[in-house]
Amino acid sequence: MNQIELFGIVIDVLNHLSIPYMIVGSIASTTYGKPRLTDDMDIVVDMRKDQIPNFASSFDKSWFVDGEMIQKAVDERFHFNLLHIPTGIKIDFFLVKEAPYDQEQFARRRREKFTEKRDAFFASVEDVIIRKLDYYFEGKSEKHLDDIRGILAAYEGEIDLSYITRWATERGTFQIWRELKQQGS
């Protein structure tokens with residue numbers, strides 16, 4: 001089973017159980033920009049306690065699923081993961097936080113094509129850029145700037161620049177954002 005098929009299983013479970021979610025991170029930036037390899041998928045979820053048993057039991061024995069870890073993550077609004085044992089592919093789940101940006105980002109998620117036969121919810125183009133600015137600010141990894149450049153090239157003229165500027169200013173990444181925009185001019 002390949003990576004996309006495994007990710008598709010997870011998306012199908014979330015959709016079937018009506019657990020609100022959005023794909024973020026490198027899968028989202030690849031969807032909007034240029035492809036790059038990744039071994040995991042990051043998903044923000046708004047999971048309730050009563051959804052945990054059905055979620056945990058939706059995966060066969062080829063998956064490592066720890067219901068107690070999921071319960072703790074939901075209680076603490078933290079994160080948990082699933083691991084596909086035969087391949088080592090990991091799915092990281094982050095509970096949506098109550099902070100204003102996190103709530104706005106989740107509200108702005110959008111349905112996009114994941115495969116020819118499957119749609120999924122993704123963070124918006126702008127929110128992927130904002131998060132990539134955060135990741136670059138924290139770790140200085142050029143891959144995040146490359147991801148942003150790829151998105152900007154693919155969506156030139158279609159991006160709400162004022163939204164990004166507003167949140168980059170508030171989150172302390174405006175200087176990075178300004179330099180990226182100047183490079184693209």
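The values are calculated or read from the model by the stated rules, or taken from the named source; none is laboratory data. These figures come from a predicted structure and were not determined experimentally. A quick note on method: Cβ atoms are made from the backbone with ideal geometry, for glycine too, and the neighbour counts reach across all protein chains shown. Keep in mind that these areas ignore ligands, DNA and RNA; they rest on the heavy atoms of the full protein, side chains included. Shrake-Rupley method; radii C 1.70, N 1.55, O 1.52, S 1.80 Å.
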- For segment 150-177, enumerate the residues that are crowded, with 17+ Cβ neighbours inside 10 Å and either at pLDDT below 95 or outside any helix (DSSP H, G or I) (or both). Gly150, Ile151, Leu152, Ile159, Thr173
- When every residue in segment 15-30 that is in contact with an Asp or Glu (Cβ under 6 Å, 6 or more places away or on another chain) and not small (Gly, Ala, Ser) is compared, the one least open to solvent (accessible area, probe 1.4 Å) is Val24
- Message: Being under 14 Å from Val10 (Cα atoms), in contact (Cβ under 8 Å) with a residue 24 or more places away in the chain and over 14 Å from the mean Cα position of the chain (by Cα) is the filter here; which residues of segment 80-133 pass it?
- Response: Leu82, His84, Ile89, Thr115, Arg118
- Item | Subset of segment 31-46 that is surrounded by 21 or more Cβ atoms within 10 Å (Cβ to Cβ) and closer than 16 Å to Lys97 by Cα - its residue that is farthest from the chain's Cα centre (by Cα) | Val45
- Task: Please indicate, with yes or no, whether at least one residue in segment 61-76 is touching a residue at least 60 places away in the same chain (Cβ under 8 Å) and closer than 23 Å to Glu5 by Cβ.
- Result: no
- Query: Do we find a residue being of a type in the set (S, T, N, Q) and assigned to a loop (DSSP other than H, G, I, E, B) anywhere in segment 122-131?
  - Reply: yes
- Out of all the residues in segment 93-120, which are open to solvent by less than 30 Å² (accessible area, probe 1.4 Å) and out of contact with any strand residue (DSSP E or B) (no Cβ under 7 Å at 6 or more places or on another chain)? Tyr101, Asp102, Gln105
- Complete set of residues in segment 15-44 that are closer than 22 Å to Phe55 by Cβ and polar (S, T, N, Q): Asn15, Ser18
- Exclusive hit being under 17 Å from the mean Cα position of the chain (by Cα) and open to solvent by 50 Å² or more (accessible area, probe 1.4 Å), set Asp50, Asp12, Asp60: Asp12
